[in-house]
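The values are calculated or read from the model by the stated rules, or taken from the named source; none is laboratory data. Bear in mind that the values here come from a model prediction, so they are computed numbers and not experimental data. FYI the Cβ positions are ideal-geometry reconstructions off the backbone, even for glycines, and counts take in every protein chain you see.
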Amino acid sequence: MVKPDGVQRGLVGDIVDRFETRGLTLVGAKFTQIDDDLAAEHYAEHEDKPFFDDLTTFITSGPVFAMVWQGQDAIRQVRRMMGETDPADSAPGTIRGDFGLDLGRNVIHGSDHEDEGSAEREIGLFFDEDELVDWEQVNEDWLYE
């Protein structure tokens with residue numbers, strides 16, 4: 001998801017381009033405004049942490065661009081492309097390393113831990129099943145053995 005700071009800075013196209021160039025397949029996208037209830041559900045694992053209110057206030061402060069990407073080992077690929085949560089710790093060439101300066105304004109959110117189901121849970125928060133398109137890119141033979 002491109003967070004409100006990334007949307008306000010006009011980075012949606014740049015971020016989508018990076019994932020497409022990598023070879024991932026976009027199967028769902030939605031430009032939306034998150035309300036307080038959805039924000040609380042999205043960040044539920046942080047509810048007892050001191051930064052929870054800051055997270056929910058920020059994610060509801062403007063529109064976001066929610067996305068679902070597919071590809072071989074997509075979660076790991078996306079996490080690596082995003083960089084570290086703190087942009088100051090992110091390598092140049094990562095999204096946060098190139099576009100972020102502040103931990104609280106780190107441009108992008110990505111699901112993690114496929115085995116724990118966070119991606120499935122988060123996709124379900126933002127997308128109905130009929131909003132996801134099952135399709136195959138014609139270049140897949142050139143991406144995977």
Please work out which one of (1) part of a helix (DSSP H, G or I); (2) surrounded by fewer than 16 Cβ atoms within 10 Å (Cβ to Cβ); (3) in contact with a strand residue (DSSP E or B) (Cβ under 7 Å, 6 or more places away or on another chain) is the condition Met81 fails and give its number.
-> (2)
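I'd like the full set of residues that are part of a helix (DSSP H, G or I), in contact with a strand residue (DSSP E or B) (Cβ under 9 Å, 6 or more places away or on another chain) and surrounded by fewer than 19 Cβ atoms within 10 Å (Cβ to Cβ), limited to region 84-118.
If the condition is that a residue be part of a helix (DSSP H, G or I), in contact with a strand residue (DSSP E or B) (Cβ under 9 Å, 6 or more places away or on another chain) and surrounded by fewer than 19 Cβ atoms within 10 Å (Cβ to Cβ), then Ala88, Asp98 are the ones that fit.
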Would you call Trp69 exposed (fewer than 15 other Cβ atoms within 10 Å of the Cβ) and either in a helix (DSSP H, G or I) or touching a residue at least 40 places away in the same chain (Cβ under 8 Å) (or both)?
-> no
What do you reckon, is Thr32 modelled with pLDDT of 95 or more, surrounded by 19 or more Cβ atoms within 10 Å (Cβ to Cβ) and out of contact with any Lys or Arg (no Cβ under 6 Å at 6 or more places or on another chain)?
-> no
Working only within region 1-19, note down all residues that are in a helix (DSSP H, G or I) and more than 14 Å from the chain's Cα centre (by Cα).
-> Gln8
